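Visitor: What follows is a single structure, and I will ask about it in a moment.
Values in this text are rule-based calculations from the coordinates and carry no lab data. Just so we're clear, the structure is a prediction, and the values are computed from it rather than from any experiment. Cβ placement follows ideal geometry from the backbone for every residue including glycine, while neighbour counts extend to all protein chains displayed.
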Amino acid sequence: MTRLDPLGNLAPHIPADAYRRAQATGQPVVIVVHTTDHAGRPLSHYLYPLAVATAGAVGVFATVAALLALLDFAVHTAVQIAAATGPISVGGISLKLFGSKR
């Protein structure tokens with residue numbers, strides 16, 4: 001293996017004759033790398049807060065739905081108990097919550 005060739009993938013775009021000439025004469029080799037600057041922020045800067053906000057919104061909606069289901073169950077239970085007990089009386093005053101089914 002000779003040291004006349006570039007090592008590894010240091011600069012595969014330099015022609016071999018230009019590299020050898022620069023090495024023989026001592027001229028510096030200038031490597032120009034063209035890169036593009038990203039104008040905006042990467043997607044991950046927006047993706048993580050959006051995922052957290054979506055999870056929070058789903059959690060809030062699920063909590064509200066659970067509370068409404070619990071309230072609905074409580075109301076139906078109260079209606080069934082009231083229908084089974086009949087009229088409520090306190091101190092001689094009776095209150096009939098539901099009409100008779102006859």
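Visitor: Between Ser44 and Ala22, what is the spin-label point distance in nm, taking each point 7 Å from the Cα along the Cα→C-beta axis?
Guide: Taking the simple label geometry, Ser44 and Ala22 are separated by 3.3 nm.
Visitor: Quick one: what are the phi-derived ³J(HN,Hα) couplings along segment 64-70, Karplus 6.51/-1.76/1.60 with θ = phi - 60°, whole Hz, x for glycine and proline?
Guide: 5, 5, 5, 5, 5, 5, 5
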